[in-house]
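**Student:** I have a structure I would like to understand better, so I am pasting it below and will then ask my questions one at a time.
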Amino acid sequence: MKHQTLDQLHAVAEVNKQPVMSRTQRLVRWAELLEREPSRLLTALAGTEYRAPPERDVMRGDDSPIAVAFTDPILHDEGLKDDSYGEAKRFFELTDHQLHEIVCYCHVGEVMQSSRAALSVRAAIG
């Protein structure tokens, strides 16, 4: 058996890294990212509860709470593929109701403070 470094293996094969964070760890990480700039204004998503699932799944917004998570290299390495509603629902293992509470404009208007989003993420943990 020949031993190779991970970099050497990447040169000759696609290496699939398995996620190591639990659902709770991913959500805590997201909340911590949002808490770093508590007064930062983030974009809310409009009317998530009124959209058909295929339309809702592709919803996204520049500088949304989901976009904050997507810019994190750790969550990206764990498997967060983009900053869409559907991807956040899948990756963070959230129900539509839970994700609606985090990102929808009906609770906060067009923008929200990052600290408010963090509280909603933490509420989804337990």
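The values are calculated or read from the model by the stated rules, or taken from the named source; none is laboratory data. Model, not experiment: these values are computed from the prediction. Cβ placement follows ideal geometry from the backbone for every residue including glycine, while neighbour counts extend to all protein chains displayed.
**Student:** In the range 90-99, what count of residues is obtained for those that are buried (at least 20 other Cβ atoms within 10 Å of the Cβ) and outside any loop (DSSP other than H, G, I, E, B)?
**Tutor:** Summing the residues that are buried (at least 20 other Cβ atoms within 10 Å of the Cβ) and outside any loop (DSSP other than H, G, I, E, B) in the range 90-99 gives 2.
**Student:** A further question follows. I want to confirm something. Restricting to the range 1-31 and keeping residues that are among the aliphatic types (A, V, I, L, M), under 22 Å from ALA124 (Cβ atoms) and in a loop (DSSP other than H, G, I, E, B), which single residue is modelled with the lowest pLDDT?
**Tutor:** VAL20
**Student:** What is the one condition in (1) outside any helix (DSSP H, G or I); (2) within 21 Å of SER22 (Cβ to Cβ) that ASP82 does not satisfy?
**Tutor:** Only one criterion in (1) outside any helix (DSSP H, G or I); (2) within 21 Å of SER22 (Cβ to Cβ) is unmet by ASP82, namely (2).
**Student:** Is there a residue being polar (S, T, N, Q) and in a helix (DSSP H, G or I) anywhere in the range 106-113?
**Tutor:** No.
**Student:** Something else: Pairs only if they're at least six apart or on different chains, beta carbon under 8 angstrom, first in the range 32-56 and part of a loop (DSSP other than H, G, I, E, B), second loosely packed, with under 10 Cβ neighbours inside 10 Å; list them, first residue then second.
**Tutor:** ALA44/GLY109
**Student:** Among the residues of the range 76-86, is any at positive phi and either at pLDDT 95 or above or among the β-branched types (Val, Ile, Thr) (or both)?
**Tutor:** yes
**Student:** I want to confirm something. Restricting to the range 45-80 and keeping residues that are of a type in the set (Gly, Ala, Ser) and within 17 Å of SER114 (Cβ to Cβ), which single residue is surrounded by the most Cβ atoms within 10 Å (Cβ to Cβ)?
**Tutor:** Selected residue: ALA69.
**Student:** If the Cβ limit is 7 Å and pairs must be 6+ apart or interchain, which residue in the range 9-30 that is loosely packed, with under 14 Cβ neighbours inside 10 Å and among the acidic types (Asp, Glu) pairs with which residue that is modelled with pLDDT of 65 or more and part of a loop (DSSP other than H, G, I, E, B)?
**Tutor:** That search, which allows pairs on different chains as well, returns nothing.
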